[in-house]
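J.: Attaching a single structure in structure tokens format; questions to follow.
Every read-out reported here was derived from the displayed coordinates using simple, explicitly stated rules and does not represent laboratory data. Everything quoted here is computed from the prediction, not taken from an experiment. Reconstructed Cβ throughout: ideal geometry from the backbone, glycine too, with neighbour counts over all protein chains shown.
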Amino acid sequence: MSDKHEWPETVGKTGEEAKAFIQKDTEGRGITVEIVKDGSPVTMDFREDRCRVFVDGNDKVLHPPCLG
């Protein structure tokens, strides 16, 4: 288990690959990982138990996912 808050190593991977990587890295921390298409509406609330993975039209991670 890691106490990381950001995963730059997932940029360029598919959304599902990034989600699986983050879930494995945060196992036991109660983190929810969501895959979101870039430009989709999302709430602006900050949650330390949520990680959003933003992907482009080819399902590739655009920027480092982080908690919040």
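J.: Please work out which one of (1) of a type in the set (A, V, I, L, M, F, W, C); (2) under 14 Å from residue 58 (Cα atoms); (3) more than 12 Å from the chain's Cα centre (by Cα) is the condition residue 35 fails and give its number.
T.: (3)
J.: Considering only region 52-67, state which residues are assigned to a loop (DSSP other than H, G, I, E, B), in contact (Cβ under 8 Å) with a residue 24 or more places away in the chain and not charged (D, E, K, R).
T.: Listed by number, the residues that qualify are 62, 63, 64, 65.
J.: Which members of region 1-31 meet the condition of being loosely packed, with under 15 Cβ neighbours inside 10 Å and touching a Cys at 6+ places or on another chain (Cβ under 7 Å)?
T.: Within region 1-31, 5, 6 qualify.
J.: Going through region 14-51 one residue at a time, which ones are part of a loop (DSSP other than H, G, I, E, B), out of contact with any Phe, Trp or Tyr (no Cβ under 7 Å at 6 or more places or on another chain) and over 13 Å from residue 66 (Cβ atoms)?
T.: Across region 14-51, the qualifying residues are 27, 28, 29, 30, 39, 40, 41, 42, 43, 44, 45.
J.: Give the residues of region 52-66 that are out of contact with any Phe, Trp or Tyr (no Cβ under 9 Å at 6 or more places or on another chain) and not acidic (Asp, Glu), sorted by residue number.
T.: Within region 52-66, 52, 54, 55, 57, 58, 60 meet the criteria.
J.: Taking the residues in region 1-11 that are outside any helix (DSSP H, G or I) and closer than 11 Å to residue 64 by Cβ as candidates, determine which candidate is farthest from the chain's Cα centre (by Cα).
T.: Step by step, filter region 1-11, then rank; the result is 4.
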